[in-house]
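The values are calculated or read from the model by the stated rules, or taken from the named source; none is laboratory data. None of the values given here were measured: they were computed from a predicted structure. Every residue, glycine as well, gets a Cβ built from its backbone with ideal geometry; the counts of neighbours run over all protein chains shown. The accessibility values were calculated without ligands, DNA or RNA, using every heavy atom of the protein model including side chains. Shrake-Rupley method; radii C 1.70, N 1.55, O 1.52, S 1.80 Å.
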Amino acid sequence: MKRSNPAIDGFDSVIHAPQRLRICALLDAVTQIEFSLIQEQLKVSASVLSKHVSVLMDAGYVEQRKAVRDTRQRVWLTLTAAGRTAYRGHVAALRAIVDQAQEQP
């Protein structure tokens, strides 16, 4: 009988890309955050960030809300419940992979 590997079970290839992992980490720490603040933190162009956010939105992990503030349209991002679960599962999977590697002689 094949046993389930918890390290692989929570691994999420959508989140695993370095910039998407960082986006999820930032969003996991807050209720919502403005697109431009994430862009500033990651030091990427708006188009690069937009592409990564689109992948996360397509997976149902991130939602965006547009609002006018100071006469400019702003975009606010939120990690969905599914996104939060997937992100935390992915982090747990990465920790399990590291722990398994450290247990090897």
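Taking K and R as +1 and D and E as -1, what net charge do the other residues with C-beta under 14 Å from the C-beta of residue 74 add up to? Result for the local shell: +1.
Remark: region 86-91, residue by residue, has Karplus-estimated 3J(HN,Hα) of 5, 4, 5, x, 5, 4 Hz, where x stands for each Gly or Pro and the curve is 6.51 cos²θ - 1.76 cosθ + 1.60 at θ = phi - 60°. Our coupling estimate for region 38-44, obtained by passing each phi through the Karplus curve with A = 6.51, B = -1.76, C = 1.60 and θ = phi - 60°, is 5, 4, 5, 5, 7, 6, 10 Hz, Gly and Pro reported as x. Using the average count of surrounding beta-carbon atoms within 10 Å as a protection proxy, the listed peptides 39-48, 78-87 rank, highest first, as 78-87, 39-48.
Based on protein heavy atoms only, the chain ends up with 66 Å² per residue of surface accessible to a 1.4 Å probe. Taking label points 7 Å from Cα along the Cα-to-Cβ direction, residue 84 and residue 43 give a separation of 3.1 nm.
May I ask you to give the percent of accessible area on region 49-105 that is carbon plus sulfur, with a probe radius of 1.4 Å? With neighbouring chains kept in place, the figure for region 49-105 is 50 percent. The Kirkwood hydrodynamic radius of region 18-71, based on inverse pair distances between different Cα atoms, is 11.6 Å.
The calculated FRET efficiency for residue 70 paired with residue 97, based on their beta-carbon distance and R0 = 25 Å, is about 0.05.
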